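Novice: This is the structure I have questions about; it appears just below.
Where a number appears in this text, it was derived from the coordinates with a stated rule and is not lab data. Bear in mind the structure is a predicted one, so any value in this text is a computation, not a measurement. All Cβ positions, glycine included, derive from the backbone under ideal geometry; neighbour counts span all protein chains shown.
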Amino acid sequence: MVILGKTKVKTALDAHPELKNILIELSPKFSKLNNPLIYKTVAKWATFEDVAKIGNISICVLLHKLNEKIGETEALIKAFPECINFNDLQKEEKNIFNPDSYKIIEFDTRTRDDFFLPELTKLISNIKQDEAVKIISTFDPIPLKKKIESMDFKYSTKEVEADLFETFVFQKIFN
């Protein structure tokens, strides 16, 4: 099985658990994958495109390292004879969000090592039209944003400084 940018992390790591160590070597941010609850949830939603962005790693370097480990380098080269232009894969967020018009409920993940996704999901599910959840994290929470989209909410993320992100989650406004 060749690993591509759109491959789900869980699919690849279930087939090749030894790849988790490569991810952790590439970025210490991925050490949380050792927590079974976090792994089960995050890996289900995240793709390797997401991993590259979260870890600030070139998608080419990431895919080549992973595929080299499992002996799929030739299949990767056939699929991508030239290096992937990751800029084409990124979606620029164009959500218009003005925090001044919302009551902000803050959720800081920076010091949490527990499995907080159910708590956060419940918090988001219960926000009112005039409320927004401000999620503070040390990385761009791409898998979480996919979960938010599946819940039919909007979000806006900005990098406040190096390794500090604020993601605001709010209800979609239907016209």
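Novice: Calculate, for Asn126 and Ile24, the FRET efficiency according to 1/(1 + (r/R0)^6) with r their C-beta to C-beta distance and R0 30 Å; round to the nearest 0.05.
Specialist: 0.30
Novice: Return the subset of Lys103/Lys158; Lys10/Lys154; Lys65/Lys122 for which the Cα-Cα distance in this structure is over 30 Å, preserving the input order.
Specialist: Pairs exceeding the cut-off: Lys65/Lys122.
Novice: State the antiparallel share, in %, of DSSP beta bridges confined to the chain, rounding to the nearest 5.
Specialist: Of those bridges, close to 70 percent are antiparallel.
Novice: Next question, about the same structure. With r defined as the distance between the Cβ atoms of Ser101 and Val160 and R0 fixed at 22 Å, what FRET efficiency is calculated, to the nearest 0.05?
Specialist: 0.65
Novice: At Asp14 and Met1, where each label point lies 7 Å from the Cα along Cα→Cβ, what is the point-to-point distance in nanometres?
Specialist: Here the modelled spin labels are 0.7 nm apart.
Novice: Computed over the Cα atoms, what is the radius of gyration of region 99-171 divided by 2.2 N^0.38 Å, N being its residue count?
Specialist: Normalised Rg, Cα atoms only: 1.02.
Novice: A follow-up question, please. Computed from these coordinates, which is Rg and Dmax of the Cα atoms in Å: [x] 15.2, 43; [y] 26.5, 104; [z] 17.2, 53?
Specialist: Label of the calculated value: [z].
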